[in-house]
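Contents: one structure, followed by commentary.
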Amino acid sequence: MNKRALITGISGQDGSYLSQILLDKGYEIYGAVRRTSTINTGRLFELDILNKVNLVAMDLAEITNIQRVIEEIKPDEIYNLAAQSFVQTSFDQPIYTSEIDAIGVTRILEIVKMLGGKTKFYQASTSEMFGKVQSSPQNEETPFYPRSPYGVSKLYGHWMTINYREAWNLHACSGILFNHESPLRGVEFVTRKITLGVAEIAKKKKQCISLGNLNAKRDWGFAGDYVNAMWLMLQNEDPTDYVIATGETHSVRDFVEKAFNVIDIEIEWSIDNGVEFGRCKKSGNILIDTNKDNNRPAETDYLLGDATKAKAELKWKPEVSFNNLIEMMVKKDMDRVENGNFSF
Ligand code: NAP
Ligand code: GDD
């Protein structure tokens, strides 16, 4: 019989890619979607898998809803990807973020335990839990120091996952994933904001992209590679936690320069009255400006992951390079802007 997976957050970037690879492996997919005025199915549509998955109404805020869904579907595996996932918003909505990203995890774990504890559970943990990094590169042993309500909430979910594994013997594990991007990334995140902005500038629909901290560094990989690691973790006989990362770090500034290189523009940086700008070297036009509104009250300055454990035990490795990721994102956004083809 086919395995059954319940994916929370199926409408998001990772949920869509994960559905795609699990369908290829023959899984029956149930995707939890919360009630909104229009259900966000654009990514599943773009991957051409919308009619291959079963969508069920489930909000992480509502335990009775979670219980009914899990009781009815009886999944072999649950991938808990649902979250208020935007760090900046978590400073304005700390309580909502905790409700979903922290307590939401316990709601699912408790129901899994109550129903016999047979379902395997994957928790989407994050490198944002390292926050103000205590050592580099970061691996499974690095102490945490979250710098946002999002990071703090995720750290609670992380420890709850470990606690249910240790206390109740659940097959529960937590993937500490570093930033991963794709053409399906939400437009609020910096990489997609840049690649869409570059495409709009190339097609003369926009003049300038406004950013915040250009010096923040991230270990950016491709989401399509990272969802495979989630699946591999749940196939382990003994559940444990893994860091998933590329082992390379780049600044937002590097990302901007490389994204403009895809459309043959070289960026020159300058500071006027304390504000930094990026100009087209050839024309002198300002293509990037910086605005303090895009800064965070507390920043995670530097992330660099060490995925040695995942490489050794899961035989996982990233396939898409930083340059190829940027090129893939810019080209897809050029196509979207040119054809007005925005499905999410
Ligand atoms: P995403 O694109 O923002 O997707 C988040 C998903 O969660 C969406 O499907 C969203 O539904 C759903 N959701 C939000 N609140 C919900 C609620 N109350 N009940 C049910 N569903 C809810 O995020 P992503 O990039 O795919 O990330 C997936 C997971 O990995 C998240 O937990 C994120 O925190 C974590 N993570 C991501 C990264 C990364 O770099 N991408 C790195 C580490 C960890 P709507 O469509 O209705 O909004
Ligand atoms: N979003 C955004 N917008 N970020 C900007 C901007 C801007 O205009 N300008 C500079 N940045 C900087 C942020 O300050 C941050 O240091 C960095 O770019 C990355 O920001 P995001 O792309 O919003 O991602 P994030 O690192 O905060 O969070 C993402 O990765 C986490 C894993 O480390 C999200 O996907 C989280 O859900 C995930 O857990």
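I need R336, R35 ordered by Cβ neighbour count within 10 Å, fewest first.
Numbers: R336 19, R35 10.
By the 10 Å Cβ count, ascending: R35, R336.
Calculated FRET efficiency, S283 and E99, Cβ-Cβ r, R0 45 Å, to nearest 0.05?
0.40
Remind me, relative contact order of the chain in percent, using alpha carbon pairs under 8 angstrom and six or more residues apart? The partial results should precede the final answer.
Details: 690 pairs, mean separation 60.5, N = 344.
Taking the mean separation of contacting Cα pairs over the length of the chain, I get 18 percent.
Straight-line reach from K118: which lysines have a Cα under 17 Å away, not including same-chain ones fewer than 8 places off?
The reachable lysines, counting only those whose Cα sits under 17 Å from K118, are K3, K74.
If neighbour count is taken as other Cβ atoms inside 10 Å, put M233, M328 in order from fewest to most.
Ordered by Cβ neighbours within 10 Å, fewest first: M328, M233.
Using a Gaussian network model of the chain with C-alpha springs under 10 Å, which one of K311, K292, K193 is most mobile by mean-square fluctuation?
Between K311, K292, K193, it is K292 that shows the largest mean-square fluctuation.
In segment 169-202, which GluC sites (Glu not before Pro) fall in coil by DSSP and have 14 or fewer other Cβ atoms within 10 Å? Could the numbers behind the result be given before it?
On the way: sites: E181, E188, E200; in loops: E188.
Those satisfying the criteria are E188.
In whole Å, how far is the Cα centre of segment 249-323 from that of segment 1-57?
Taking the Cα centre of each part, segment 249-323 and segment 1-57 sit 31 Å apart.
Neighbour counts of other C-beta atoms within 10 Å: give me T195, T249 arranged from fewest to most.
T249, T195
Taking amide H positions as placed 1.01 Å from N in the peptide plane, with prolines and chain starts having none, which residues 5 or more places from A32, or on another chain, fall under 5 Å of its amide H?
Sorted by chain and number, the residues that satisfy this are I7, T8, G9, I10, V56.
Sum -39500 (n - 2.57) across every DSSP H segment of at least 4 residues in the chain, then divide by the residue count to get the 222 nm mean residue ellipticity, nearest 500. Intermediate results must be reported in sequence, preceding the final value.
Working: 12 runs with 131 residues, N = 344.
After summing the helix terms and dividing by the residues of the chain, the value is -11500 deg cm²/dmol.
Sequence gap at least 6, Cα distance under 8 Å: using those rules, report the relative contact order of segment 1-46 to the nearest whole percent. Working shown, then result.
On the way: 52 pairs, mean separation 21.7, N = 46.
Here the relative contact order equals 47 percent.
No lab work stands behind these numbers, since they all come straight from the coordinates. These figures come from a predicted structure and were not determined experimentally. Cβ sites come from the backbone with ideal geometry, for glycine too, and all protein chains shown count toward neighbours.
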